[in-house]
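Inspection log for the structure reproduced underneath, given as structure tokens.
The values are calculated or read from the model by the stated rules, or taken from the named source; none is laboratory data. Everything numeric in this text was worked out from a predicted model, so none of it was measured. Glycine also receives a Cβ, built like all others from the backbone with ideal geometry; neighbour counts cover every protein chain displayed. In case anyone asks, the SASA skips ligands and DNA or RNA and just uses the protein heavy atoms, side chains included. Shrake-Rupley method; radii C 1.70, N 1.55, O 1.52, S 1.80 Å.
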Amino acid sequence: KLHSDLDKGVGTVKYTLSGDGAGTVFTIDETTGDIHAIRSLDREEKPFYTLRAQAVDVDTKKPLEPESEFIIKVQDINDNEPKFLDGPYVASVPEMSPVGAYVLQVKATDADDPTYGNSARVVYSILQGQPYFSIDPKTGVIRTALPNMDREVKEQYQVLIQAKDMGGQLGGLAGTTTVNITLTDVNDNPPRFPKSIFHLKVPESSHVGSAIGRIRAVDPDFGKNAEIEYNIVPGDGGNLFDIATDENTQEGVIKLKKPLDFETKKAYTFKVEASNLHLDHRFHSVGPFKDTATVKINVLDMDEPPVFSKPMYTMEVYEDTPVGTIIGAVTAQDLDAGSSSVRYFIDWKNDVDSYFIIDATEGTIATNELLDRESTAQYNFSIIASKVSNPLLTSKVNVIINVLDVNEFPPEISVPYETSVCENAKPGQVIQTVTAADKDLSPAGQRFSFRLSAEASNKPNFTVHDYRNNTAGIETRRNGYSRRQQELYFLPVVIEDSSYPVQSSTNTMTIRVCRCDSDGTILSCNVEAVFLPVGLSTGALIAILLCIVILLVIVVLYVALRRQKKKDTLMTSKEDIRDNVIHYDDEGGGEEDTQAFDIGALRNPKVIEDNKIRRDIKPDTLRFPRQRPPVEDNTDIRDFINQRLQENDVDPTAPPYDSLATYAYEGNGSVAESLSSIDSLTTEADQDYDYLSDWGPRFKILADMFGEEESYNPDKVT
């Protein structure tokens, strides 16, 4: 209630209310100042309202007192039940946990005012899930209530939690949620073999590294706690086998480490141990987390292919060996109980294999063609051995034959075969160092010797100096050479190798006489240069070429400037306004352009327009008003059009081009008047259409149509 000290109770004071909810939530009695709520209030929606009140004089409408502000606070009642905003919950706890092990904490929220009464004081309890779990009534912490809960017995638990306000008293509101609790696995179970002895049968032909059998130990645990490691206990036959764990099935896969032979040993026995990889020290007291089983393997006899005495054969033969010479042999045996004879043959894959043949019974290999080391230095092929008793059982071995070199090619000078000498060369000057090459396979320590041929030794021009390191130098023997006397010299050089038998060759070198400067740099070796009195150096040639390039650049720049000047002259002439013609391709809008022409007068001749300036063009001079004679009502179309033509002909502002004007004028009427029957006061039956026949041939069809309808009228009784 609001009251002003100036209010004497005589109705001279008016109370007003403004602010939050004024007029929508709260209202005030203007005379008494009583404030009322006009709808239900919800503290959770808005806990308080800030309002402003004022006392106003009824007559003058002026405030009697300053505006005052006050707050209306909504008092809470217990109208909201607790809610689990994060539910339903999912939790887990390790199996075999002790009593009181922490599982999860739940929390319920009550929207009521926690500072007023017990409306928001929540108490937790378990409705379903006992006696396995318990909950703290104040904090909502869930803990285990039974010891040694086993996952292998029961893994999933569903607990129903209740939260009740008013401190759990009678009349309080309650909310529930579900907590799904899973027992996680711990390694509390050792692996166990389902039986103590495993029997396996393995063919003796099994390959090394192949799986020959599987055994499995069972572990009821889950995940990494169920991972098992298998090991072979050292003992009889354990060194021939190996065991590994299949990660997908946790089985022990037994593999063969060495080949089996039924004729040597027919059975093997060993023990396999299975143990957990990840142990839990809390359960060591339960016992050892491993188990042992016995594996017995029986070797099965198989008909096996022949076995070569070596995994690979390597042989050597000289390249000049005659055809049919035996160069080696291979040997294979049948190791089965009933030994069988063996046959040999070459595994033909390409033409290279045809260079050799093999004796089918003895296994000796001989040459079938002449060999050339320079063509093929090594041959690699396969030989197959098969049993006579069972030709399908075969084995294969690789044979490598290296072709040994025979000294059959003489050494030759390596490139270059041509060199040069300066005209001003001095005696003893080395003009070229040469080396030798041999197509044969040079043995270690191969030496080449160099010398002049016998016919060249007596000539005083050049000599050969052997450096004893497989190189030699070509030296001059005289002081100066003249190209005019002799331009080319041919020097025969003899080269010998040190192999057996000794091979030698004579190689002719060409020596060209050239003109050189004082430093020995060659200037020219051409014959024509001899007859030139003065030669041009490289620097002089470069200077001449540079001058030519500069002249070309000057000519190009001159031509470009001339063209640019001519272009500027043309552009200047085009920019002269006296020579320009400006085109205005501007078309009118047509008869639909109602902004350019006002054709209202053309459509209605009764309208007389006032003088207007044309809107489609801008006249150079003022337009003089035109006097238009009034058009009488009985003016026909021809007179109307002639009148408009005369007006346009005398109009000084009319455009100089032809224009098209549409005169949409029907005329004042027809002597036949209107043909429409809308305004007819008589019915169709009373209408007389005989007058249509008097209008001429244009209306003959219409007269026949209406004449037929009149004659066919079924309502008339004849």
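The alpha-carbon of Lys255 sits under 30 angstrom from the alpha-carbons of these lysines, leaving out residues fewer than 8 places away in its chain: Lys195, Lys201, Lys224, Lys265, Lys266, Lys271, Lys290, Lys296, Lys310, Lys387, Lys396.
Of the listed residues Arg52, Arg447, Arg484, the order by accessible area with a 1.4 Å probe, largest first, is Arg484, Arg447, Arg52. Could you list which residues have their amide H under 5 Å from that of Leu523, counting only those 5 or more apart in sequence or on another chain, with H placed in the peptide plane? Residues meeting the criterion, in which the H sits 1.01 Å from N, are Arg515, Cys516, Asp517. As a calculated quantity, the FRET efficiency between Asn180 and Lys255 at R0 = 45 Å, using C-beta atoms, amounts to about 0.50. Within the stretch 175-256, the trypsin sites (Lys or Arg not before Pro) that combine a DSSP coil assignment with at most 10 other C-beta atoms in a 10 angstrom radius are Lys195. Potential lengthening of the chain between Cys547 and Ser389 amounts to 47.2 nm, from the contour at 0.36 nm per residue minus the alpha-carbon distance.
Projected label points at Ser309 and Val10, each 7 Å from Cα along the beta carbon direction, are separated by 15.0 nanometres.
In sequence order, the stretch 178-195 has phi-based couplings of 10, 10, 8, 10, 10, 7, 7, 7, 10, 7, 10, 10, x, x, 9, 6, x, 8 Hz under the Karplus curve 6.51 cos²θ - 1.76 cosθ + 1.60, θ = phi - 60°, and Gly or Pro positions carry x. With R₀ fixed at 25 Å, the C-beta to C-beta distance from Lys61 to Ser40 puts the FRET efficiency at about 0.15.
Annotation: per residue accessible area for the stretch 197-300 equals 56 Å², rounded to a whole number [probe 1.4 Å, protein chains only]. Label zone (Val99, point 7 Å along Cα-to-C-beta; backbone nitrogen cut-off 13 Å) within the stretch 139-177: 144-149. The modelled label-to-label distance for the pair Thr32/Asp347, using points 7 Å beyond Cα in the direction of Cβ, is 11.9 nm. For the stretch 307-404, the carbon plus sulfur part of the accessible surface works out to 51%, probe radius 1.4 Å. At a probe radius of 1.4 angstrom, the accessible area of the stretch 13-73 per residue rounds to 62 square angstrom.
When you work out D = kT/(6 pi eta Rh) for the stretch 197-300 at 4 °C and 1.567 mPa s, using the Kirkwood radius from C-alpha pairs as Rh and the Stokes-Einstein form, the result is 89 µm²/s. You can think of it this way: the chain between Thr510 and Leu300 has 67.5 nm of extra reach, that is 0.36 nm per residue less the Cα-Cα gap.
Computed over the stretch 83-184, the convex hull of the alpha-carbon atoms projects to a mean area of 6.1 nm². Classify the stretch 13-73 from the C-alpha gyration tensor, please: rounded if a/c falls under 1.5, else prolate or oblate depending on whether a/b exceeds b/c. It is prolate, given that a/c is not under 1.5 and a/b is the larger ratio. Across the accessible surface of the stretch 197-300, with the other protein chains kept in place and a 1.4 Å probe, carbon and sulfur atoms take up 53 percent. Amide H contacts under 5 Å for Gly19: Arg52, restricted to partners 5 or more places along the chain or on a different chain, H placed in the peptide plane at 1.01 Å from N. Across all Cα pairs in the stretch 307-404, the calculated P(r) in 10 Å bins from zero up to the longest distance comes to 16, 49, 26, 9, 1 percent per bin. FRET efficiency for Gln130 and Phe48, Cβ-Cβ distance as r, R0 = 41 Å, nearest 0.05? With R0 = 41 Å, the Cβ-Cβ based efficiency is 0.40. Restricting the stretch 289-384 to GluC sites (Glu not before Pro) that sit in a DSSP loop and have at most 13 other Cβ atoms within 10 Å of their own Cβ leaves Glu362, Glu369, Glu374. Could you pull out which residues in the stretch 375-404 have an amide N less than 20 Å from a spot 7 Å beyond the Cα of Ser340, following the Cα-Cβ vector? The answer is 383-397, whose backbone nitrogens lie closer than 20 Å to the label point.
Here, the stretch 412-524 is characterised by an Rg to Rh ratio of 1.02, where Rg is the alpha-carbon radius of gyration and Rh the Kirkwood radius. Of the GluC sites (Glu not before Pro) found in the stretch 1-62, those in coil by DSSP whose Cβ has at most 10 other Cβ atoms within 10 Å are Glu45. Ligands, DNA and RNA aside, Trp348 has an accessible area near 140 Å² when probed at 1.4 Å.
His465 contributes an accessible area of around 90 Å² to the protein surface, as traced by a 1.4 Å probe with all chains present. Near Gln105, the amide H atoms lying under 5 Å from its own belong to Ile142; only residues 5 or more places off or on other chains count, and H is placed 1.01 Å from N. Length gained on full extension, Thr24 to Glu374: 114.6 nm, using 0.36 nm per residue less the C-alpha separation.
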